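What follows is a set of notes on a single structure, which appears directly below.
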Amino acid sequence: AGKANEAGQGAYDAQVKNDEQDVELADHEERIQQLRIDVDDHEIRITANANAIAVLDVRLTTAEGKIVTLQADVSALDGRVTAAESTISSLQADYVSKSATASQSLASPLNVTTSYSVGGTKVIGARQAGWTAATGTALLGAFNANQAYTVSATYTQSEVSAMATGLQQARQRIKALEDAIRTHGLIN
């Protein structure tokens, strides 16, 4: 009977221990279940983050491609800026200014379509056509524009000869002026 009591007590103790273990196992099961939920949640978040990383990787690759394109554009623009700066330097070294007051000069001919003006006054206009070139000798030498001629009541041969010489000199001077105007291209 003592042994049976001990065996009964042992069975009871074992049952109590089993019940305690069942409670502990239920607690572990519940905690494992919660951990599985947490793991599933982490897997969902990891998958979402992996997808976000993949999207960011695509965006990064796209941005890198755009950066390469922009670098090429900047390089091309840098070349154009260098060329423009060189052109500007050349122009600054060799230009005629509209506002400069100091004397300026051109090394080449200048073609003007209508006319030249000084202070708003036309000084040289378009070439005039229809002129027939004068013949004879031009008078480029001294010319007395104040030459007076004496005239008597009846012209003498010397008076007529002096006036004829004066008229000839005036015509020769007109020829010289015409030649100069023609040389400068103002008449044809």
Odd one out for Val151 among (1) hydrophobic (A, V, I, L, M, F, W, C); (2) in a helix (DSSP H, G or I); (3) surrounded by 12 or more Cβ atoms within 10 Å (Cβ to Cβ): (2)
Residue count for segment 124-161, restricted to those that are touching a Ser or Thr at 6+ places or on another chain (Cβ under 8 Å) and within 21 Å of Gln172 (Cβ to Cβ): 1
Test: residue in segment 116-128 that is in contact with a strand residue (DSSP E or B) (Cβ under 8 Å, 6 or more places away or on another chain) and of a type in the set (Lys, Arg): yes
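Against the condition within 30 Å of Gly119 (Cα to Cα), assigned to a helix (DSSP H, G or I) and at pLDDT below 95, how does Leu91 come out, does it pass?
Working: within 30 Å of Gly119 (Cα to Cα): yes; assigned to a helix (DSSP H, G or I): yes; at pLDDT below 95: yes.
Yes: the conditions hold for Leu91.
Residue-by-condition table, conditions (1) under 55 Å from the mean Cα position of the chain (by Cα); (2) modelled with pLDDT of 95 or more:
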{"position": "Gln157", "(1), (2)": "no, yes"}
{"position": "Gln172", "(1), (2)": "no, yes"}
{"position": "Asp179", "(1), (2)": "yes, yes"}
{"position": "Leu186", "(1), (2)": "yes, no"}
All positions within segment 124-157 that are of a type in the set (Val, Ile, Thr) and out of contact with any Phe, Trp or Tyr (no Cβ under 9 Å at 6 or more places or on another chain): Thr132, Thr135, Thr137, Thr150, Val151, Thr154, Thr156
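Does Gln168 satisfy the condition of being surrounded by fewer than 12 Cβ atoms within 10 Å (Cβ to Cβ) and in the same structural domain as Ile124 (by TED's automatic domain parsing)? Lay out the reasoning, then the answer.
Details: surrounded by fewer than 12 Cβ atoms within 10 Å (Cβ to Cβ): no; in the same structural domain as Ile124 (by TED's automatic domain parsing): yes.
The answer is no for Gln168.
The values are calculated or read from the model by the stated rules, or taken from the named source; none is laboratory data. Please read all numbers here as calculations on a predicted model, not as lab measurements. Note that we place each Cβ from the backbone using ideal geometry, even for glycine, and neighbour counts take in every protein chain shown.
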